[in-house]
1. Choose one answer from S179, S166, S60: the residue with the largest mean-square fluctuation in a GNM of the chain with alpha-carbon springs under 10 Å.
2. Would you please put 283-289, 208-214, 155-161 in order of how densely packed they are, using the mean number of other Cβ atoms within 10 angstrom per residue and starting with the highest?
3. Report Rg (one decimal) and Dmax (nearest whole number) for the chain, counting Cα atoms only, units Å.
4. Quick check: at a probe of 1.4 Å, how many percent of the accessible area of region 169-289 sits on carbon and sulfur atoms?
5. With N set to the residue count of region 169-289, report its C-alpha Rg divided by 2.2 N^0.38 Å to two decimal places.
6. Using alpha-carbon pairs under 8 Å, 6+ residues apart, how would you state the relative contact order of the chain in percent?
7. For the chain, modelled as a GNM with alpha-carbon contacts under 10 angstrom, which of P100, P64, P219 fluctuates the most?
8. Do any cysteines of the chain lack a neighbour Cys whose Cβ is under 4.7 Å away, and which are they?
Amino acid sequence: NSDGTIFDYRPRHSGVPRRVGRALAAVNPKEGTLRRAIKRGETDLADFLVNQDIFCPSTSVWAPKAEMGDRLLVEISRGCSQGCRFCWAGYNYYPPRVVPAKDILAKAAEWRSKTDKIGLVSTAVCDHPEISAILSGLRAMDYRISVSSLRLDQISDELLDALVESRDQQIAVAPETGSDRLRRVINKNLTNDEIVDICGAIFDRGMLTVKLYLMVGLPTETDEDLDEMFALVKRIRDRMLKAGKRFGRAGRIIPAVNGFVPKPNTPLQWDAICDEKELKKRIKYVCRG
Ligand code: SF4
């Protein structure tokens, strides 16, 4: 739909759980989520939800010597509106819900005496309707902000500024595959040109290290798609080197390649997993490239 919801999901195979079918087929998106209330201009409902005493999932045990133990982790939202067809989180956490900014900032204020590092955990950080208030509130508290992987289509200047300020030098993004065609198959509607431009905007801020999440073994994948994957990574690397000249240093492009695994309750759940021998062959081919 034009408002980003999915209302007409007709699985080709029998056996798709009805619970998921119903959630996806609802003509009216579920009531009661802050994100939808703000989007629809339902101020009474939005005020009610904002003023509720909402639980904010976050670090509860302070263990500075543990992995990421010196960082307050806060889950700012759950679910994602993008609808990538392979994504477990997108479909199983549907519809997306957010924690109000006031609760996130209250939690951050409570922990500020212990740490100046905060990690915003979410499948889509910039999907949060109050992300500006969250970022400015955290910057005012002098927090160093980091984020889990970013949705490429939603990286904002404001978020990049906050990350630069936090001296977070590595960003993870997920082109998933190398060709525009295969990206349309999985419903990630970004082109290679857009991905290179977005990575360019990241490099131009001096953040020269980017981790790329990629998948092989997707349904309908061909050798040409794999060849386009090399070409895309090379274009991103060339763009990084160009930006690096201005800063007098080179960064790193870190491609992380995984095999596609069909997840339950997603549109691709009944697609076959790539045969092990074939998958190893494709991964070897990609790694050689
Ligand atoms: S953008 Fe990321 S989190 Fe959202 S549906 Fe796609 S893969 Fe899942």
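The values are calculated or read from the model by the stated rules, or taken from the named source; none is laboratory data. What you see is a predicted model; the values in this text were computed from it and never measured. Cβ coordinates were reconstructed from backbone atoms using ideal geometry, including for glycine residues, and neighbour counts include every protein chain displayed. We work out accessible area using only protein heavy atoms, side chains counted, and drop any ligands, DNA or RNA first. Shrake-Rupley method; radii C 1.70, N 1.55, O 1.52, S 1.80 Å.
1. Checking each option, the largest mean-square fluctuation is seen for S60.
2. With the highest mean Cβ count within 10 Å placed first, the list reads 208-214, 155-161, 283-289.
3. 20.3, 58
4. 53
5. Dividing the Cα Rg of region 169-289 by 2.2 N^0.38 Å gives 1.11.
6. Relative contact order here is 15 percent.
7. P64
8. For the chain, the answer is C56, C80, C126, C199, C274, C287, because their Cβ atoms have no other cysteine Cβ under 4.7 Å.
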